[in-house]
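Here is the structure we will look at.
The values are calculated or read from the model by the stated rules, or taken from the named source; none is laboratory data. Bear in mind the structure is a predicted one, so any value in this text is a computation, not a measurement. All Cβ positions, glycine included, derive from the backbone under ideal geometry; neighbour counts span all protein chains shown. Heads up: the accessible areas ignore ligands, DNA and RNA and are worked out on the full protein's heavy atoms, side chains in. Shrake-Rupley method; radii C 1.70, N 1.55, O 1.52, S 1.80 Å.
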Amino acid sequence: MSFNLKKAAAATAAAAMALSMTACGKDTSWGAKIDGSILRAGIMIYYQSNEISQAYSYMSETDTNVLDITIEDQPARDWINAKVEKDMREYAAVESKFDELGIVFQNNEAERATLNADQWWEYLGDYYENLGVSKQSFLDTSLNSTKRSAIFDYYYGENGEKAVSDDEIKDYLKENYARIKYIRMELKDGEGNILKTDGKAEIKEMAEGYIERAKGGESFEKISDEYDDYYAALVEAAAAAENNDTSSEGGAAVVTIGGPNEESGTTDTGDSSEKNYDTPNYGTVVNKDSTYPAAAVIEKAFEMSDGEYVYVEEYETAYIIYKMDLFADEDYFENNRISAVHNLKDDEFSDMISGWTSSQNVVINTDAVNRYKLEKHIEQG
């Protein structure tokens, strides 16, 4: 037998063996069959990787192996496998619903998803290939996510079947976000010592003067800069006094916080007068759940009315707060519309998808599950 004939015979035998293994139920190229759709094993493995990453967040400091822990009253392995099955069910449901609704991408979404997957593959390709995820499976999951977003927009977008009104979006934003300007004022002298009662009363009086000036139309930013100049001068004076004190023979330097000048209500160094304060300043948008710039500021901001000024103290610091119209920046609403709709409707949409999966006919390929073990993800780590 010639060499070429031997090669052909070997290839035929190999093909026969592969067919035999498939016939015996050893085909591990697919992870699940859902309502007749076949999901590649690589898609299953991809979701395994995602869910194991989530499982790590449940580990305590004393846990050493994520597969040995208990998550939501389940062994981690069972929890992960159940989540992977849920992911594959939702993948199939999204593919089916996308076709059923006749959605057509309008803005090159598929091309952008492909480009995005290509770019990520440059960094993650070796990792996923070592697990058994092909680039095609990786792309499929990316496209599926894009289709999921398109279905969300079909229902909840501006002209969708369950569109969220502008008023509902604005109510949500105002409930969770506030736009403020603030001046931070130290309740300390130039040396960093905490002020006593009289010193704090002086700061409050200074703040009240600032508030009256702002109400009169003076630039809030100019006033803020003047205070910064004022306190910087205090610190500088204290440092200079300390230097003089250490170089003298027993002379004592006394530094007090000092009072504002009669005209402006601050000690004006002149630096702030050189700035241009005509450019609109839309302040800072703060989240209801934030603690920046201070918990007392956040709490007060959500109690105030637009256009109101308030003085508050917290520990070693005082603040003048000015509450603005959240939508003073005309772009704010449009820039935050999509995220607001998702915050309002993501849970409802997830429930909708769960409803689509409830009647699916699902076959999990246990041979693929046994071949692509969860341990390999940890080894790849």
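Quick notes on this one:
- One decimal place: the segment LYS86-GLU334 gains 85.9 nm when fully extended, by the rule 0.36 nm per residue minus the C-alpha distance.
- Local net charge near ARG148, Cβ-Cβ under 12 Å (Lys/Arg +1, Asp/Glu -1): -4
- Legend: calculated FRET efficiency, ASP347 to TYR315, from the Cβ-Cβ distance at R0 = 41 Å, rounded to 0.05, equals 0.65.
- The long axis of helix 109-131 is offset from the longest Cα principal axis of the chain by roughly 70 degrees.
- In this structure, the amide hydrogen of ASN365, modeled 1.01 Å from its nitrogen in the peptide plane, lies closer than 5 angstrom to those of ALA32, LYS33, counting only residues at least 5 positions away or on a different chain.
- Database remark: amide H of MET324 closer than 5 angstrom to the amide H of ARG179, ILE180, LYS181, GLY307 (H placed geometrically; neighbours at sequence offset of 5 or more, or on other chains; Pro and chain starts carry no H).
- Charge tally in the Cβ shell below 14 Å around ALA82, where Lys, Arg are +1 and Asp, Glu are -1, ALA82 excluded: -3
- Local net charge near ASP167, Cβ-Cβ under 14 Å (Lys/Arg +1, Asp/Glu -1): -2
- Cross-link reach is defined here as a Cα-Cα straight distance under 23 Å, omitting same-chain residues fewer than 8 places apart; for LYS170 the lysines meeting it are LYS162, LYS181, LYS288, LYS300, LYS323, LYS345.
- Value of [θ]222 nm, deg cm²/dmol, for the chain, DSSP H segments ≥ 4, -39500 (n - 2.57) each, nearest 500: -18500 deg cm²/dmol
- Among [x] 46; [y] 9; [z] 19, the entry derived from the coordinates for percent of Cα pairs over 41 Å apart: [x]
- Karplus-derived 3J(HN,Hα) values for the stretch 138-155, using 6.51 cos²θ - 1.76 cosθ + 1.60 with θ = phi - 60°, are 4, 5, 4, 5, 5, 5, 5, 4, 5, 5, 4, 5, 5, 5, 4, 5, 4, 8 Hz; glycine and proline are entered as x.
- Ligands, DNA and RNA left out, the accessible area of the chain computed with a 1.4 Å probe is 45% carbon and sulfur.
- Taking a straight Cα-Cα cut-off under 22 Å and skipping sequence neighbours fewer than 8 places away in the same chain, the lysines within cross-link reach of LYS33 are LYS83, LYS86, LYS97, LYS135, LYS147, LYS373.
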